[in-house]
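Following: one structure in C-alpha cells, then a few remarks.
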Amino acid sequence: MARTRQADTGGLNEAEAIRRAQQGDEYAFEFLYRMHNRRVYALCLRMVGRTAEAEDLTQEAFLQLFRKIGTFRGESAFSTWLHRLSVNVVLMRLRKKQVAESSLEETTEPDEESGGPRRDFGSADPLLTGSVDRINLQRAVEQLPPGYRAVFELHDVQGYEHNEIAEIMGCSIGNSKSQLHKARTRLRELLHEQERDKAREARQAAKEVEQES
Amino acid sequence: MRCTEFELIYQDLGSAMPPAAAQHAKQCAACGGLAADLNSISAAARGLAIAPEEAPARVWSNLRAQLRAEGIIREPAKSGWEAVWAWIRQPAVIGAYAATALLAVSLIAHPSSGTTASDDAVESASATTDTFRSQQQLDAMEQAFSKTVAGSNSEVDATLRKNLRVVDKFIAECEKAVRQEPHNEAARQYLYGAYQQKAELLNTAMEHSFTGE
C-alpha cells in the first residue's frame, strides 16, 4: 500500500489526494504538486544547474506523473514513483545533451555500460591535495556521465540510501553501489586533471614572468 | 588481501570496512590513497546540496494549463462566486448589459435639447438598469455575489468588489449631475464613461471566471 502522509492543508492526506486526482480533481493535483515539488525541483536544479531548465524538467516530471496517475496502484510509495519519473526525465535530458555534444567532439567519457573508469589496482595515484574544493567538485560533477551523476547526486549530495536509489533508478542495490563507486572514482580522476591543469598554468605563468624579467 | 578485493569491499561497505580491509588500506599506499580521496569527495559532496525550495509559481500555472488542455483535470466544482459568473455569462444577461451600454451610447449620439428629454434619457437609462436589477434572477445573483465576495479572501475578488463599488458610486454621481444639468455635455460623457467602465469591469470579471485566474 502507498505510504500516506498527513498534509497541512484541509486535512487531506496523500492517499486521498491520489484517489481524487485519479478522478481528475484539480485541487488534488495541486495538493500533490505542492507536497512534492520542492524535492523534485531541487533534484532537477542540482542535476542541470540552470533554473529555467530545472523548471521545465519539474513541469515535465509532474506532467508525466499526472498523465499516469490513473495507473498508480500503490505498490511503491508515491514519492518513490515520482522521484523515479523525475530522475528518468532528467537523465533523458542529460543523455540527449550528451549525444548532441558527442556528435560535435570526441568524448573522453568512460563507457557506463562497460564498467566506467579504469584503474590499475595497486598503482599509486597521487593523492588529492588538501580538502576537496566545492567549486572544483561541482565542475567535475558536471562532467560525469548522466547515470553516474544521478547516483552520485542522490546518494552523496542528497543523502538517499542505496535501497531508495535502487527503487528510484529501477536497479539493484549492488548496482547502485557500483555506480556510486565508479562515479566517485571518475570524480577523483577529474579532480586530478584539474590539479594538473592548474599546476601547468602556474608553471606557464611563472615562465612568462621569468621571461619578462 | 589483494587490491582488487579491497576495492570491492570498499565499494560495498565504504568507510565501514572490516579490519582486514582497513589493514590493507594502511599498508597499500594506492588503496589507502584511493579510499582517502573518495571519502573526501563524498564528504565535500554534502556541501553541494541546496535547500529545497518551492518551484516558481509559473511551473504550477503552466502545468495546470497543460493538464487542462489535455483534459486530465476537470474544472473544479463551482463555488457560489463561480456559479454567479456562470450565470452572468448567459446570453440574456450579457444582452442586458449590452442594452445598457447601447443606451449610454445613445445618450451621446442623440443628445436631446430639452430638460425633459434629457431627464427622460437618464430616467430611461435608469429604468433599463432598474428593470434589469429588478429581475428576480439578478436579485438572487447579487445576493449570492455579495455573500461569496464577502467571504472571499481572494485578492482578485477583493479588487473586483472594490472596483464595482467605485463604479456604482461614480454612476450614481453622474446620473445626479445629468439630472441637475441636462445640457452639460461633459456630465453626459462622464455618465457614458461610467456605464462603459462597469461593462468592462463585468467583462473582466467574466473573463476571470472563465479562465479561473
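None of the figures in this text is laboratory data; all of them are computed from the coordinates on show. As the structure is a prediction and not an experimental result, all values here were calculated from the model. So basically every Cβ, Gly included, is an ideal-geometry build from the backbone, and we count neighbours across all protein chains shown.
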Provide the per-residue ³J(HN,Hα) series for the stretch A:21-36, in order, calculated from phi with Karplus coefficients 6.51, -1.76, 1.60 and θ = phi - 60°, each as a whole number of Hz, with x at glycine and proline positions. 5, 5, 9, x, 6, 4, 4, 5, 4, 5, 4, 5, 4, 4, 5, 10
Taking a ≥ b ≥ c as the square roots of the eigenvalues of the Cα gyration tensor, with a/c under 1.5 meaning rounded and otherwise prolate when a/b exceeds b/c and oblate if not, the stretch A:126-213 is prolate
With each label point set 7 Å from Cα along the Cα-Cβ vector, what nm distance links B:E53 and A:R34? 2.0
Among trypsin sites (Lys or Arg not before Pro) in the stretch B:1-76, those in a DSSP loop whose Cβ has at most 14 other Cβ atoms within 10 Å are B:R2
In the structure shown, of A:K198/B:K26; A:K97/A:K182; A:K68/A:K182; A:K96/A:K177; A:K68/A:K177; A:K182/B:K26, the pairs separated by more than 27 angstrom at the C-alpha atoms are A:K198/B:K26; A:K68/A:K182; A:K68/A:K177
Roughly how many debye, to the nearest 20, is the charge dipole of the stretch A:141-183 about its Cα centre, given +1 on each Lys and Arg Cβ, -1 on each Asp and Glu Cβ, and no other charges? 200
